[in-house]
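The values are calculated or read from the model by the stated rules, or taken from the named source; none is laboratory data. This structure is a prediction, so every number in the text was calculated from the model and none was measured. Here the Cβ positions follow ideal geometry from the backbone for every residue, glycine too, while neighbour counts run over all protein chains shown.
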Amino acid sequence: MALSPTPRPGVLDIDAYVPGASQVPGGQKPIKLSSNETPLGPSPQAVAAFSAAGAKGLERYPDGEAAVLRAAIGRRFGLAPERIVCGAGSDELISLIAHAYLGPGDEGLYTEHGFLLYRIVVLAAGATPVVASETNLKADVDAILAKVTSRTKVVFLANPNNPTGTYLGIDEVRRLRSALPGNVLLVLDAAYAEYVRRNDYEAGLELVATTDNTVMTRTFSKIFGLAGLRIGWAYCPPAVADALNRIRGPFNLSAPAIAAGAAAMADWAHIEAAVRHNDEWLPWLTAEIEKLGLSVTPSVANFVLIHFPDTPGKDAAACDAFLKGRAIILRRVAGYGLPGALRLTVGSEAENRKVIEALAAFTGARS
Ligand SMILES: Cc1ncc(COP(=O)(O)O)c(C=O)c1O
């Protein structure tokens, strides 16, 4: 019998991540509200830095330490650059964390409707995924703690979570950290942190600074508008930064990405404009959708989860097809255990108005 290469156990249990759709039948330019990208685009300064970096020197390897970018992040948040590790998106950092801290026999824990990548990276590392139930579509510290065993090595918590848009206040996150065994690495995935406007929310900077077993990951893909460049960062205890630096690709960020990320970090006015835009349109979308008789999970991020009735022709799948017929793309979230819901990213004013018009036509509120 012919021998053939076999992936190691776990790999073929992975359902590959399916990104938010970006095309509609007929090739029309769609309104894409499926990937939580910003309608404001990147900072013009980031685009200029990207172009300048792309215009010359592409034959050279980039700075493998991404020093300029780590310094810019450190300046903005008052952090020591040695504790910052950059990656090709926070996806890469989440994956590196799993590979550094999980292996066969270990358990990686995350919540019921948590970001889909966690299951993928846990399985890819050869470890066992363990899922804690949520309460009202929100992470539940007691439910997470109830799932901890002597094999648990990493807990992943998206805060705020995608696709629910719910969050845990810092007191609950601290309670989680204090109750977890010291050898369990707590990963606070704060991809949407900049959008959150709640007094009881913290992304986790202080917790990382004051413990040796908590990591926070962040991204340039959402509010910074640089998803296409793939830039993320992790703020780590020194020993965790050391472990990630040992296993990451030596040149894991391109030179244009390093330059654009550093410029984007320096343009905080652009971020503030994006926060103002979200503050205006997130409540507007929520209220307009509720007026149509659909329920919305209260969100602190740049997207909302819309719940549909389980009636054929009126359910989430039917709405998705209806909207695609109008070249509007939302995100189906059946893979997150939410077959009755669609996730809608806050778009530009024109996009938001169009999507509400289309939802009104779908529900029969307006034609
Ligand atoms: C909660 C969460 N974490 C991480 C990511 C990964 O983002 P990126 O790899 O683009 O930094 C996403 C993207 O959708 C996300 O929603």
List, please: which pairs have Cβ atoms under 9 Å, are six or more places apart or on different chains, and start with a residue in the stretch 91-105 that is farther than 21 Å from Leu229 by Cα and end with one that is more than 12 Å from the ligand (Cβ to nearest atom) and at pLDDT below 95?
Pro104/Arg8; Pro104/Pro9; Pro104/Gly10
Can you spot a residue in the stretch 108-117 that is in contact with a helix residue (DSSP H, G or I) (Cβ under 7 Å, 6 or more places away or on another chain) and surrounded by fewer than 24 Cβ atoms within 10 Å (Cβ to Cβ)?
yes
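Would you check which residues across the stretch 133-143 are away from the ligand (no atom under 16 Å from the Cβ) and under 27 Å from Thr345 (Cβ atoms) and list them? Give the derivation first.
Within the stretch 133-143, the subset away from the ligand (no atom under 16 Å from the Cβ) is 133, 135-136, 140-143.
Ser133, Thr135, Asn136, Asp140, listed by residue number.
For Arg119, state whether it is within 16 Å of the ligand (Cβ to nearest atom), outside any loop (DSSP other than H, G, I, E, B), of a type outside the set (Val, Ile, Thr) and farther than 21 Å from Asp242 by Cβ.
Values: within 16 Å of the ligand (Cβ to nearest atom): yes; outside any loop (DSSP other than H, G, I, E, B): yes; of a type outside the set (Val, Ile, Thr): yes; farther than 21 Å from Asp242 by Cβ: yes.
Yes, satisfied.
Out of all the residues in the stretch 338-367, which are at pLDDT below 95 and not basic (Lys, Arg)? Break it down stepwise before answering.
At the first step, the residues of the stretch 338-367 found to be at pLDDT below 95 are 364-367.
Within the stretch 338-367, Gly364, Ala365, Ser367 qualify.
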Please determine whether any residue of the stretch 285-305 is farther than 27 Å from Leu205 by Cβ, in contact (Cβ under 8 Å) with a residue 24 or more places away in the chain and touching an Asp or Glu at 6+ places or on another chain (Cβ under 8 Å).
no
Within the stretch 301-331, the residues that are over 11 Å from Leu33 (Cα atoms) and within 16 Å of the chain's Cα centre (by Cα) are Ala301, Leu305
